[in-house]
1. Give me the residue from the stretch A:1-17 that is in a helix (DSSP H, G or I) and either in contact with a Gly (Cβ under 7 Å, 6 or more places away or on another chain) or at pLDDT below 80 (or both) and, out of that set, farthest from the other protein chains (Cβ to nearest Cβ).
2. Give me the residue from the stretch B:84-109 that is basic (Lys, Arg) and assigned to a loop (DSSP other than H, G, I, E, B) and, out of that set, nearest to B:Leu122 (Cα to Cα).
3. All but one of (1) under 23 Å from A:Gly244 (Cβ atoms); (2) at pLDDT below 95; (3) surrounded by 19 or more Cβ atoms within 10 Å (Cβ to Cβ) hold for A:Gly370; state the number of the condition that does not hold.
4. Given the criterion facing chain B (nearest Cβ under 7 Å) and in contact (Cβ under 8 Å) with a residue 12 or more places away in the chain, identify the matching residue among A:Pro35, A:Pro80.
5. Could you tell me which numbered condition A:Val317 fails, if it satisfies all but one of (1) free of Cβ contacts under 8 Å to residues at least 12 places away in the same chain; (2) in a strand (DSSP E or B)?
6. Check B:Asn301 against each of (1) within 24 Å of the chain's Cα centre (by Cα); (2) under 23 Å from B:Tyr230 (Cα atoms); (3) modelled with pLDDT of 85 or more; (4) not charged (D, E, K, R) and name the one condition it does not meet.
7. For B:Ala18, indicate whether it is of a type in the set (A, V, I, L, M, F, W, C), touching a helix residue (DSSP H, G or I) at 6+ places or on another chain (Cβ under 6 Å) and at the interface with chain A (Cβ under 8 Å from one of its Cβ atoms).
8. Of all residues in the stretch A:38-58, how many are surrounded by fewer than 19 Cβ atoms within 10 Å (Cβ to Cβ) and more than 9 Å from chain B (Cβ to nearest Cβ)?
Amino acid sequence: MMRTIEVLVVIIIITGAFIGASFFAVLPGPRQVSPMNLRRLSYTTLQLLDSNYDLSIAAFDTDNATIWQELQVALSASLPPNVIYNLTVYNIGTSSSGIELYDPKFTIANAENLGASSDAASYLAASSNVTFNVIPEKIGEQSGGSTLYILNCSDANGWWITGYTAQSLAQDMYKLLSPYFKDTIMVQNTAELGQILAGTPLNGELLQNAVVINTYGEAVPIPNAYCTTPYSDNSYARYSYELGQIVSQYNWTWASIVGYPFYYVSNTAVFETEQNDWGIYGMRRTSTGGLNAFLQGLDNHSYNYDSDWITSDVGVVTLTNDAKYYSNYYGIYPSEFQTSTRALSNSILSSYHLSVGLNVFNPVGNYLPGSLYSHVASGSTSTTGVFLALGLTRTPDIRLTGLSLLTYYKPRLYRSEYTTYGTSRLVILQLGFLGAE
Amino acid sequence: MVSSTVDHMVAVTVFLAATLLFIGLFNQTIQTAVIYQRHRAISTKASDLLDNMLLTPGIPIDWGQNDDLPTGFGLQDPEFTQYKISSFSLMRLNSASGTAVYYPKTGMTYSNITIGTKNFLLVSETSALNYTTALDLLGIRNQYGFQLSFNPIITVSIIEEQAEDPLRLRIEAYGTGFPLAHARVTYCLISVSLGGSHPDYIVDYGTAVTAEDGSVTLEFADIQSSTSTYSIIAYVHAGGLLGVGYHERVSMEEQYVIPLIDDISEGRVLIAHSFDIEYDDPPNAEVKYNATLVYLTEDFNLREMPLENAYGHVNSGEGFPYEVINIPTDTPGILIITYKKSTVEGGLVMMPWGISSLAFPVVFGGDPSIREWVATDIRQIMVGGVTYQAKIALWDLEGYQVVD
């Protein structure tokens, strides 16, 4: 009998434990288990209302009953029938001690209380009377020389830019980089290229310290004047040597956007019946001697034809942290992962008095997939020529060239302040469900 | 001794019975809690997946405007940021709402969105992206199933109140939760002329404002006969919202032309005779057509784009091939095709080029109705300037209490 009583006592204890556990293990209601993401709904609704700037106009015109009536109708019409809302506009101010203050200016709502399960999103509405500007610093403005030359020669063809034309790349480059330079010159034909190579500005711009972007990929346009001896020696490798010397003379930054630099020369008039071995007419193959000759010219060696292949296929490469940081700063977002089949050997650093001014891509062993090389001649302390070589496979992402140059020069961006008094208003839309506690 | 043994046996039996009962009760509570947790995880996944689809354009970013299979699934308009969705990517989604249409003359099946009786969006199966491929691209095949639906926030209904002298039309604009009061209405009436060698049309524009109940009545004195053919497209806009409505009346219902999108990248559209699709052994019946592409300007006027081979005629049955027109633009627009059999029998069909131009709804994915638990989430989005609501329904295909 005693044991039965003991068991009954145990059962009473377990029952108590079960009731106690059930009391505390309160399961949430279906709405909490599978909630609609009210914050995202709220945010997207605010974006929708401001798609034609109606919300921004209303936020700065809180006394206009007509505008607010229309906005409230739109808000009610856009939300599901079981969703209730409270939209409040705050004026952004600053206290005497410099603390930002948010002062409620206007509210529309269709319920007094939105319940504990409500959620909200905020939206910064800008005044139509204020223009928010980003003013970039001009590269080389302080040191002298702020010229950007973009090769856009109508009488030359490109290679390894498949899917683009050099002209379309030049246009993209112009849009991307021209705000950062005092003068941006589109070099429209090889005659104009010949003029600047001869030291004559095209439009009164400063030649010294200029940046030259070759949008022709592995090919480089060649002016008629350079299509003769001695520049035609060794399949025009000597022309690349001359380019190297001019880059050094004017302290230019020469940008090669893809592949093996100086691998071909192009002039559609002179090489009308010649092709680059791949069926592109108006072009001659210089081969590997072109790059070696350019580096010899840059370092002022005497010309000595050298056909050594100095790149390697290193496969997938990644942007350096520096490049990624400035990708965010300048708002240029090429893919972090690229394929490099023409990464330059780091042996050129000692051979030609080059130092790495910037690694755009992380080095792979002894090879540099994309870097800016600064040339400082033996016994000198000043830079005489910079060379950007992006040894990526075709087809080029022209944004990488822009990002590389901006990361190297680091021009500052002067942004106007968004929270300046009276220029912005904070709009908060809080949403809840009908009947929610 | 005996009583002690009986006491012992009774006690053990009662204890074991009680223990089994309580194990069952506790187990039930724990199971319920586990299921609740799984449901919560599905809900979070639904929200994430919806944002993934809406905030990335896919790979390549312009996959909506070519016929290649994408290698990444996303619906964002590559020219914009935030929740602005590509009208063309949506056009390539294989519709789950309409029954696919088979066209014997090409031997192809076409994904079908048909609104009303004369507004078609039929995309060839080689151009349309199917649900299974989307699951693979999202990496959720055999884990989750989903249905994605895009519905215009503003529903614009057009009702013919009086057929002639004058034609009286009532336009009603409703949001998802409220009538759109005091909204501006911009409309264009397309009147079809059947008198010439080929059918033609003229467009009249007008504006109006909706009343408190979101409706407005329009009168057109030029429409004198109840047999005349017309179409009206109305754009209703207020407070950042934009909705599109349309209505048409034709004098020949049975024989008409049907546009079939054959190749999106080339903009190739086949003009088929309706008999070829509706009959197994179609009788001969020629109709003439005149195709025009229009797109909407910022002031809600329609601007015409010239088309090659705009005029033609199609017949049904064997020996009468379909006709082909090419749409030369990547901008969303409306293909308007007027057709006629005689000077008194004809009509007009419309096809959106990019779903937003006629605010077509899109449903893509599996069927959630047979699932045990479905999590849903919504976003407010813009598709080519038209306001839509994107809704995802997501369900789990793995684990406990899953119906498949």
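1. That would be A:Met2.
2. B:Arg92
3. Just one mismatch for A:Gly370, condition (2).
4. Answer to the check: A:Pro35.
5. (1)
6. For B:Asn301, the exception is condition (3).
7. Values: of a type in the set (A, V, I, L, M, F, W, C): yes; touching a helix residue (DSSP H, G or I) at 6+ places or on another chain (Cβ under 6 Å): yes; at the interface with chain A (Cβ under 8 Å from one of its Cβ atoms): yes.
Against the criterion (of a type in the set (A, V, I, L, M, F, W, C), touching a helix residue (DSSP H, G or I) at 6+ places or on another chain (Cβ under 6 Å) and at the interface with chain A (Cβ under 8 Å from one of its Cβ atoms)), B:Ala18 qualifies.
8. Of the residues in that region, 2 qualify.
The values are calculated or read from the model by the stated rules, or taken from the named source; none is laboratory data. Small disclaimer: the values here were computed from a predicted structure and weren't measured. Note that we place each Cβ from the backbone using ideal geometry, even for glycine, and neighbour counts take in every protein chain shown.
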